[in-house]
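What follows is a short report on a single structure.
None of the figures in this text is laboratory data; all of them are computed from the coordinates on show. The structure presented is a predicted model; accordingly, all values stated were derived computationally and were not measured. Glycine also receives a Cβ, built like all others from the backbone with ideal geometry; neighbour counts cover every protein chain displayed.
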Amino acid sequence: MRRILPHPLIALGLLLSWLVLAGSASPGAVLLGGAIALAGSWALASLAPPRLRLRRLAVLPGLLRDVLAEVVRSNVAVVRIILGRSVAGTRRPGFVHIPLDMRSPQGLAALACILTATPGTVWVEYDSTEGTMLLHVLDLIDEAEWVRIVKERWERRLMEIFE
Amino acid sequence: MTHAADLPVWAALVVALLLLLGAGLALVGSFGLLRLPGFYERVHAPTLGTTLGIGSVLAASMLFFSLLQTRFVLHEILIAVFMVVTTPVALMLLARAALYRDRVERSGAVPPPPGSR
């Protein structure tokens, strides 16, 4: 079973998204989507990613809600910075090193998506030996504050889900 | 064929406002790309359009097409997922390329590579 369908959930997701994109569930669409799902899961298996273990999915709705709120808040903040009178002014952009305890690749990818989806922060670099992430922040007021925000608001809950 | 005139007034207003908000955010993002100094600051600006900007355009699209009942609204959710998953890849590639260049040329105030600290 594992050899024919190495990643059943991924294959199912691929099939479903193909059907949604095609906008029909006709036999032809199911056949083509099934072929794509099989090929996709074989391709993924040949990359040999570490197995995904999901724990405590109950944290997910709260996390998504906070991400949405943070996306809106940071969009407003960046619009104000761009349209503000003085572009340089009192604002100080800069890099922050953030020590991460999370090692799960899927969790780190999710953290990268969250940090990129909130304007004003860009994930620049990750060093896997030290486990530190380099973040560029558009309005860096306090470095320790950013370390706290990333670790407490996102990393803790992502670790509950992925580790 | 869809007829925008069949849309109730309140919905037309909401759809128009959401579209304007999305377009406005994309515009401000492009303006920021022009106005902010330096690479690492400029890279922040276009993310306005790829987050809340695309989000409000997609919300407008979902409202429009689900009220006219022409098709299922799941397309937009897929678009949002693809945007969220692919933007970090492009941004990280750009930022790391710039960081590599700045470290080699020793220009600007960039942090040293890991391991040399």
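Here are some notes:
- Fewest neighbouring Cβ atoms within 10 Å first, the residues A:Thr116, B:Thr50, A:Thr129 line up as A:Thr129, B:Thr50, A:Thr116.
- Label-to-label distance, nm, for residues given as A:Ala77 and A:Asp142 (7 Å Cα→Cβ offset): 1.3
- Distance (nanometres) between label positions extended 7 Å along Cα→Cβ at A:Leu5 and A:Arg153: 4.0
- Inter-part distance where the range B:13-73 and the range A:123-163 are each reduced to a Cα centre, Å: 26
- Selected from A:Ile98, A:Ile149, A:Ile36 as most flexible by GNM, with chain A as the system and alpha-carbon contacts under 10 Å: A:Ile36
- Estimated [θ] at 222 nm from DSSP helical runs (n ≥ 4, -39500 (n - 2.57)) normalised by residues in chain B, nearest 500: -22500 deg cm²/dmol
- Alpha-carbon Debye profile of the protein assembly as shown, log10 I(q)/I(0) at 0.15 Å⁻¹: -1.27
- Cleavage-rule hits (trypsin sites (Lys or Arg not before Pro)) in the range B:1-96: DSSP loop, at most 11 neighbouring Cβ within 10 angstrom: B:Arg71
- Using the Cβ-Cβ distance between A:Leu38 and B:Met83 with R0 set to 30 Å, the FRET efficiency works out to roughly 0.70.
- Scanning residues 5 or more positions from A:Val124 or on other chains, those with amide H under 5 Å from its amide H are A:Leu134, A:Leu135, A:His136, with H placed 1.01 Å from N in the peptide plane.
- For chain B, the C-alpha radius of gyration divided by 2.2 N^0.38 Å, with N the number of residues, is 1.47.
- Inter-site label distance for A:Leu54 and A:Asp66 at 7 Å from Cα along Cβ, in nm: 1.9
- Residue by residue, the range B:91-103 carries 3J(HN,Hα) couplings of 5, 5, 4, 4, 5, 5, 5, 5, 5, 4, 4, 5, 6 Hz when phi is fed to the Karplus relation 6.51 cos²θ - 1.76 cosθ + 1.60 (θ = phi - 60°); x denotes Gly or Pro.
- Sequence-distant residues sharing a close amide H with B:Leu7 (under 5 Å, placed H): none
- Positive minus negative residues near B:Phe39 (Lys, Arg vs Asp, Glu; Cβ under 10 Å): 0
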